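Chemist: Have a look at the structure that comes next, please.
We did not get these values from a lab; they are worked out from the coordinates using the rules stated. Since the model is a prediction, treat every value here as computed from it, not as a measurement. A quick note on method: Cβ atoms are made from the backbone with ideal geometry, for glycine too, and the neighbour counts reach across all protein chains shown.
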C-alpha cells in the first residue's frame with residue numbers, strides 16, 4: 001500500500017507512530033492546508049513521509065499513490081472520498097463514514113463501479129478482543145440487556161459554551177456526541193447483534209447539536225442503551241447481560257483493552273488477547289492485506305456493516321430532530 005494521508009490533526013498524529021510496525025504500508029504523501037505546512041514538514045521528517053503537499057488534486061494524479069487515508073473533519077469525508085474513488089484510488093475513510101446514509105451508499109457504488117477498495121476506519125471491528133467478545137457472548141445465555149457508556153468531557157465544550165463553535169460541536173461539520181463517540185457504541189452493538197428493529201435518540205441539544213444523548217436500540221428480545229456524552233463524564237464501561245452471566249468491558253468500545261466474563265456463580269475470567277498496544281494496528285494491518293489482495297469479498301462485508309450503522313445514525317438523528325451538514 002502506497003499511502004497518501006489527508007489531514008494532519010490528532011488522529012494522524014495518533015496513527016503515524018504505529019504505522020511503521022506494518023511493513024506493507026509506505027508513506028508516500030501527506031496532504032493538508034497552507035497553514036499546516038510546518039506541522040506536515042515536521043511529520044515528514046519524523047516519520048519518513050516522502051512528500052508534503054497542499055494540492056489534493058495533484059496527489060490524486062500521483063501514480064505512486066494507490067490509497068488515500070481520509071482523516072479530515074466529518075463533513076469533508078464524503079467529498080474527499082468521492083474525488084479519490086473517481087480517480088481510481090483505494091480509500092480508507094475515518095469514522096463516521098459520512099454524515100448520511102445516502103452519501104455512504106453513493107461511495108459504495110462508486111467503489112464497485114471503479115473496482116477499487118473502500119473501507120471505513122473503525123477500530124473495534126478489527127480488534128482480536130472484539131472477536132473474543134463475539135465468542136464470549138455465546139457463553140452467557142440469552143442476551144437481555146446491553147449498556148454502553150462512553151462519556152468524556154470534551155476539552156472543547158467550555159469554548160462551545162462561550163460561543164466558540166469548533167468542529168466537534170458544529171452541526172454543519174457533522175459534530176456532536178453521536179457522531180464523535182457514540183458511533184463506536186453503535187458499531188460495537190450492531191457488529192454483535194446485527195440490524196435493530198427500532199432506534200430512538202434522546203439527546204441533550206445545545207445550539208443545534210447533541211452535546212450528549214441516550215440512544216435506545218430495540219432488538220425485540222434484547223434491549224440496548226448507548227450513552228455518549230461530551231458535556232459530562234462518567235466511568236466508561238459496557239456491560240452485556242445474559243441469563244447465564246455477563247460481559248464487562250472497562251474502557252471505550254473503540255479500544256477494548258480487555259474484558260471480564262462473569263457467570264451466575266460470580267466466577268470471573270479476565271480476557272485480553274490484543275496483539276498490539278496500539279488500537280489502530282489491527283485494522284490497518286487488515287486494510288493493507290485487503291488492498292494488496294484486492295479482497296472485494298471482505299470489503300463488501302465491511303461496507304454492509306458500515307451501511308447498517310449509517311442507517312441507525314440516520315434514524316437516530318431524525319428522532320432527535322438534529323440536522324447535520
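Chemist: Please compute the modelled spin-label separation between residue 297 and residue 54, points set 7 Å along Cα→Cβ, answer in nm with one decimal.
Modeler: Distance between label points: 4.7 nm.
Chemist: In addition: So how do 75, 276 line up by other beta-carbon neighbours within 10 Å, fewest first? Working shown, then result.
Modeler: Details: 75 19, 276 14.
So the residues, fewest neighbours to most, are 276, 75.
Chemist: For a quick check: sort 36, 102 by the number of other beta carbons within 10 angstrom, fewest at the front.
Modeler: Numbers: 36 17, 102 11.
In increasing order of surrounding Cβ atoms, one gets 102, 36.
Chemist: Please compute, over every Cα-Cα pair in segment 52-110, the percentage with a separation greater than 18 angstrom. Kindly include the intermediate steps, with their values, before the conclusion.
Modeler: Details: 485 of 1711 pairs.
Tail of P(r) above 18 Å: 28 percent of Cα pairs.
Chemist: Please find, in a Gaussian network model of the chain (springs between Cα atoms separated by less than 10 Å), the residue of 128, 33, 238 whose mean-square fluctuation is greatest.
Modeler: Highest fluctuation among the options: 33.
Chemist: Okay, next question. If you wrap the chain's Cα atoms in a convex hull and average its projection over all directions, what's the area in nm²? Don't jump to the answer; show the numbers that get you there.
Modeler: Details: hull surface 64.3 nm².
Mean orientational projected area (the chain, Cα hull): 16.1 nm².
Chemist: Run the numbers for residue 155 and residue 304: contour at 0.36 nm per residue of separation, minus the present Cα-Cα distance, in nm.
Modeler: Working: separation 149, 0.36 × 149 = 53.64 nm, distance 3.38 nm.
Taking residue 155 through residue 304 to full extension adds about 50.3 nm, to one decimal.
Chemist: Using packing as a proxy for protection, rank 166-175, 254-263 so that the peptide with the highest average count of other Cβ atoms within 10 Å comes first.
Modeler: Working: 166-175: 20.6, 254-263: 18.1.
Packing proxy ranking, top to bottom: 166-175, 254-263.
Chemist: Could you give the length gained by full extension between residue 260 and residue 244, i.e. 0.36 nm per residue of separation minus their alpha carbon distance, to one decimal place? Mind dumping the intermediate values first?
Modeler: Details: separation 16, 0.36 × 16 = 5.76 nm, distance 1.41 nm.
Working it through step by step, the gained length comes to 4.4 nm.
Chemist: Under 10 Å, Cα contacts only: if you run a Gaussian network model on the chain, which one of 68, 275, 31 comes out with the highest mean-square fluctuation?
Modeler: Ranking 68, 275, 31 by mean-square fluctuation puts 275 first.
Chemist: I want to make sure I understand the PRE zone here: with the label point 7 angstrom from the Cα of residue 207 toward its beta carbon, which residues in segment 219-237 have backbone N atoms less than 16 Å away?
Modeler: Residues 230-232 qualify, since their backbone N sits under 16 Å from the label point.
Chemist: Compute a Gaussian network model of the chain, connecting alpha carbons closer than 10 Å, and tell me which residue from 26, 283, 293 fluctuates the most.
Modeler: Greatest mean-square fluctuation among the candidates belongs to 293.
Chemist: With a ≥ b ≥ c the root eigenvalues of the C-alpha gyration tensor of segment 126-224, is it rounded (a/c under 1.5), prolate (a/b larger than b/c) or oblate?
Modeler: Working: a/c = 2.99, a/b = 2.08, b/c = 1.44.
It comes out prolate by the Cα gyration axes.
Chemist: For the chain, find the longest principal axis of its Cα atoms and tell me its angle to the long axis of helix 128-137, 0 to 90°, nearest 10.
Modeler: It is inclined by approximately 20 degrees.
Chemist: How large is the helix-only mean residue ellipticity at 222 nm for the chain, computed as the sum of -39500 (n - 2.57) over DSSP H runs with n ≥ 4, divided by its residue count, in deg cm²/dmol to the nearest 500?
Modeler: Details: 10 runs with 114 residues, N = 325.
The helix contribution divided over the chain gives -10500 deg cm²/dmol.
Chemist: Continuing with the same structure: Kindly put 79, 154 in sequence by how many other C-beta atoms sit within 10 Å of each C-beta, fewest to most.
Modeler: Values: 79 13, 154 22.
So the residues, fewest neighbours to most, are 79, 154.
Chemist: Mind pulling the per residue volume of the convex hull built on the Cα atoms of segment 1-43? Å³ is fine.
Modeler: Working: hull volume 2.7 nm³, N = 43.
So the per-residue Cα hull volume is 64 Å³.
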